[in-house]
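Okay, so here's the structure we're looking at.
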Amino acid sequence: MFADFLAATFRHAVSNGIAGWRDDDLAFVRDWGFDIAKIERPVAVWQGQMDRMVPFTHGQWLAEHIPNIRVHLYRDEGHLSLAVTALDRIIEDLVAIAR
């Protein structure tokens, strides 16, 4: 069921082209145009070391460079498994940040 939902979501996401997806990937290697050390809004990073889409070191780097960040780095999770095993906790964390 989750796989079907995810496949449909991905198909829809690229239905008008891959430019957005490409830009997301290029963000790993390009300057973002602002100093992340000056971020004042609440930020949470959730990532698993088994992630094959986003390097785990990227999550670690964000955790080291964004002030007051809520860090959730898991050794035994992947990119998609977090959405299955931790979705309730992710939502609770986002709600807590928004308060």
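Computed from the coordinates by the stated procedures, all read-outs in this text should not be read as laboratory data. Every value quoted in this text rests on a predicted model; they were computed, and no experiment measured them. All Cβ positions, even for glycine, are placed from backbone atoms using ideal geometry, and neighbour counts span all protein chains on display.
Converting phi to 3J(HN,Hα) with the Karplus coefficients 6.51, -1.76 and 1.60 and the offset θ = phi - 60°, the stretch 43-54 yields 9, 10, 10, 10, 7, x, 5, 7, 4, 9, 10, 10 Hz in sequence order, with x at every glycine or proline. Between 66, 36, 18, the residue with the greatest mean-square fluctuation in the GNM of the chain (Cα pairs under 10 Å linked by springs) is 18.
In plain terms, the residue of 92, 40 with the fewest other Cβ atoms within 10 Å comes first and the most crowded comes last, giving 40, 92. Helices in the chain that qualify as membrane-span-like (whole DSSP H runs, Cα extent of at least 15 Å along the helix axis, mean Kyte-Doolittle hydropathy of 1.0 or higher) are 87-98. For the stretch 1-64, the set of trypsin sites (Lys or Arg not before Pro) satisfying both a DSSP loop assignment and a count of at most 13 other C-beta atoms within 10 Å is given as 30, 52. Close amide-amide hydrogen proximity is noted between residue 48 and 74, each under 5 Å apart and 5 or more residues distant or on a separate chain (H modeled in the peptide plane; Pro and chain starts excluded). Under 5 Å between amide hydrogens, built in the peptide plane, is the criterion, and for residue 70 it picks out 43, 44, 45 among residues at least 5 positions away or on other chains.
Annotation note: chymotrypsin sites (Phe, Trp or Tyr not before Pro) in the stretch 1-76 located in DSSP loop regions with a Cβ neighbour count of at most 12 within 10 Å are 28, 32, 34. Return the single residue from 37, 63, 19 with maximal mean-square fluctuation; model: Gaussian network over the chain, springs between Cα atoms under 10 Å. Comparing 37, 63, 19 in a Gaussian network model of the chain, the most mobile one is 19.
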